[in-house]
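Asker: Before I ask anything, here is the structure I am working with.
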Amino acid sequence: MSRISTSLDTLAVDQSLHDGETLVSEGGIIAVGFFSPGNSTRRYLGVWFTNVSPITVVWVANRNKPLENTKGVLKLNGKGTLELLNDRNITIWSSNISTKAVNNPVAHPLDSGNFVVRNEEETKGSVLWQSFDYPGDTLVPGMKIGWNLETGLERYLSSWRSDDDPAEGEYAQKLDLRGYPQSIKFKGHDIKSRSGSWNGLALVGRPAPVPETLQKFVMNEKEVYYEFDILVSALFSVYKLIPSGTGESWYWTTQMRTLQVATTGEVDQCENYAFCGANSICSSDGNWATCECLRGYVPKSTDQWNMAVWVDGCIPRNKSSCENSNTDGFLRYTHLKLPDTSSSWFNTTMNLDECRKSCLKNCTCAAYANLDIRDGGTGCLLWFNTLTDTRKFSEWGQDLYIRVPASELDDVGHGNLKKKTVEIAVGVIIFGLVTCACIFITKNPVLANATEDFSTKNKLGEGGFGPVYKGKLPDGQELAVKRLSKKSGQGLEEFKNEVALIAKLQHHQTKKKLIDWCKRFNVIIGIARGLLYLHQDSSGYMSPEYVARGHFSVKSDVFSYGVIILEILSGKKNREFSNPKHYNNLLGHAWTLWTEDRALELLDEVLGEQFMPTEVIRCIHVGLLCVQQRPEDRPNMLLVVLMLNGDKLLPKPKVPGFYTEIDVTSEANSSPTNQNLGSINELSITVLDAR
């Protein structure tokens, strides 16, 4: 008969851990025991951080085989195997049997979050089995994501099915070994997003340095993996792949035991894999994405491209042939997330010039870049035929050299495009459009002075035509300057047409008073009923990119509708809202007022007191429900209509998505010098053939 464990931190052979008992790590940081997730009554054996609110589970043993009651028992046998038994003494989960020599094994949790089995008399570094080899939905410091090439063991993250069910869900974060290894998030067998390959300092899709963090990538004959460590002992951080497929980073300190969200992972459309199709670049201002063809490429479907349906991507304007490819050149792009490397070739010893020559010799080579960007750059990475999933960053990022025919280059000898741009200024006051439009073409000193020589700090965004800058004329009038870049796939005539369209827009602040509360409420109701019709009664409203790739959903419409409600109520735009007391956008401002019971302060002051407070409160409440972070928390449009009409009780809203602007404090702390925290890149494999 087994005896009950009385040890605080270890489980010995023939000892038992019953439901209600826990094993605690030496430093009291980690616990192993039984728990029920969310609202579930089922029981699971898990590992979690102690004294952290809410409970943070980092690993689950029987995630796919729950216990139906509280009579589960964990045992360790003489072979070093952990066994989880149910009330009928049936093993529902066990650890892999170790091939190493076993001598008096013990099991215990470590402060790192790792649950290990080791020989009692050996050092703690020698383990027979460890939970770190079988990750769940959580990556903690010191845990590897990647492959053991000798045993074939793959370590990857997989989301829970729901907050109440830790069974393997739809999403997985893996290190893909095709071509040059890269981190990819899958939904089933489809790629959802791509953190990309390692460039010596970071993953190319996550280029900004993370303070107090040491990122590491190792590739040699035995293993290929990515991991991170925390440089401050009092700081704890985890990365979770939540059921909706979003990656979230959480942190806390020994003094502050409440979880804080460091990042919510994907925050814009450019993070959706191949959002702009092939041979294009995606740019985003945080809310909206735009696509442009690479130099030398044109939209595959011009009609679709002009309607902002970019999924078909771009094709070469003048396809090079192997006969004339020796006259091709290269155009340098900066601050990029490098394209998908699954069909790439790489070499660790080449320099950049050797890399260029190697690409030029192969007529199917489409681009090249340094493999490692440290110390001026080393190594060679080549792409063939198609370039997929490339995006532009405002800073960080990497240089990429795109192959183009000689006809596309202004300076073949240097392989770089001379800067030639057309600047068009539209008389636009930044927070309220005026009626006139003025066109200035090429090298206008007034525009250069107004925008501080097109300073990046004045950049508002970037579209298919080129970047947009804010500026101020000598008389104080504010304006927006669109700078038509020659690398744009659009022409001057199309640009002038857009200017003419902008000039016709009139949004006078004085006319706001004409839209009283009754009109605003009717607009809110009307839009809701229109969306309800589209979602339930119409079969033809879905956009091609949604039908083809599922990039959008009705819950995306609901989120947008919630933003519109709050904009109609406040008379302010979410993207232009600012408040001297905080860095929140309109959504964050509305949420703050709501949590402080000051929701009516959101209402547009021009309405005075001519409104019904209960209707306003209800509209704000519905708006906040619509903009909740998780799509599954948002109501459908039928519920929205019922709630607005007062026919439905309203649940308590949760924190909105995208509710805060960039934190200037954290930005200031993220200096370029922090990039030196990257570890040595132990690359040793050279692949000789393109795959």
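Each value in this text was obtained by applying a stated rule to the coordinates, not by laboratory testing. Values in this document were obtained by computation on a predicted structure and should not be read as measured data. Please note: Cβ atoms are built from the backbone with ideal geometry, for glycine as well, and neighbour counts cover all protein chains shown.
Asker: Taking the Cα-to-Cβ direction at Thr254 and at Ser455 and moving 7 Å from each Cα, how far apart do the two end points lie in nm?
Answerer: For Thr254 paired with Ser455, the spin-label model returns 4.4 nm.
Asker: Moving to a separate point now. Take the cross-link list Lys392/Lys482; Lys71/Lys174; Lys192/Lys470; Lys573/Lys654; Lys144/Lys222 and give me the ones stretching past 24 Å between alpha-carbons.
Answerer: Exceeds cut-off: Lys71/Lys174; Lys192/Lys470.
Asker: Suppose R0 equals 30 Å; then what is the FRET efficiency for Arg529 and Lys652 from their Cβ-Cβ distance, rounded to the nearest 0.05?
Answerer: 0.75
Asker: Please list, in order, the residues from region 615-630 whose amide nitrogen is less than 18 Å from a point placed 7 Å along the Cα→Cβ vector of Asn522.
Answerer: Under cut-off, by backbone N: 615-616.
Asker: If R₀ is 30 angstrom, what is the calculated FRET efficiency for the pair Glu26 and Thr151, using the beta carbon separation as r and rounding to 0.05?
Answerer: Using R0 = 30 Å, I get an efficiency of 0.55.
Asker: Can you tell me the FRET efficiency between Asn104 and Lys187 if r is taken as the Cβ-Cβ distance and R0 is 51 Å, rounded to the nearest 0.05?
Answerer: E(calc), rounded to 0.05, equals 0.70.
Asker: Listed highest first by mean packing, meaning other Cβ atoms within 10 Å per residue, what order do 212-220, 241-249 come in?
Answerer: The packing order, highest mean first, is 241-249, 212-220.
Asker: I would also like to ask the following. Place a point 7 Å from the Cα of Asp111 along the Cα-to-Cβ direction; which residues of region 131-148 have their backbone N under 20 Å from it?
Answerer: Inside the label zone: 131-132, 140-144.
Asker: Also, I was wondering about something else. Taking 19 Å as the cut-off for C-alpha to C-alpha distance, list the pairs among Lys187/Lys300; Lys185/Lys240; Lys187/Lys652; Lys187/Lys216 that go past it.
Answerer: Lys187/Lys300; Lys187/Lys652; Lys187/Lys216
Asker: Another question about this same structure. Pop a pseudo-label 7 angstrom from the Cα along the beta-carbon direction at both Asn326 and Ser394 and give the gap in nm to one decimal.
Answerer: Rounded to a tenth, the inter-label distance reads 4.7 nm.
Asker: Now a separate question. Sort His589, His189 by Cβ crowding within 10 Å, fewest neighbours at the top.
Answerer: By the 10 Å Cβ count, ascending: His189, His589.
Asker: Would you mind ranking Tyr368, Tyr401 so that the residue whose beta carbon has the fewest other beta carbons within 10 Å leads the list?
Answerer: So the residues, fewest neighbours to most, are Tyr401, Tyr368.
Asker: At 0.36 nm per residue, minus the direct Cα-Cα distance, what do Asp19 and Lys79 gain on full extension? Give it in nm, one decimal, please.
Answerer: 19.3 nm
Asker: Could I ask something else about it? Starting from the Cα of Asn39, step 7 Å along the direction of its Cβ; do the same at Glu68; then give the gap between the two resulting points in nm.
Answerer: 2.2
Asker: Can you put Asp111, Asp375, Asp19 in order, fewest other beta carbons within 10 Å first?
Answerer: With the fewest neighbours first, Asp111, Asp375, Asp19 line up as Asp375, Asp111, Asp19.
Asker: Another question about this same structure. How much length would be gained if the chain were fully extended between Thr10 and Leu177, taking 0.36 nm per residue of separation minus their Cα-Cα distance, in nm to one decimal?
Answerer: 56.4 nm
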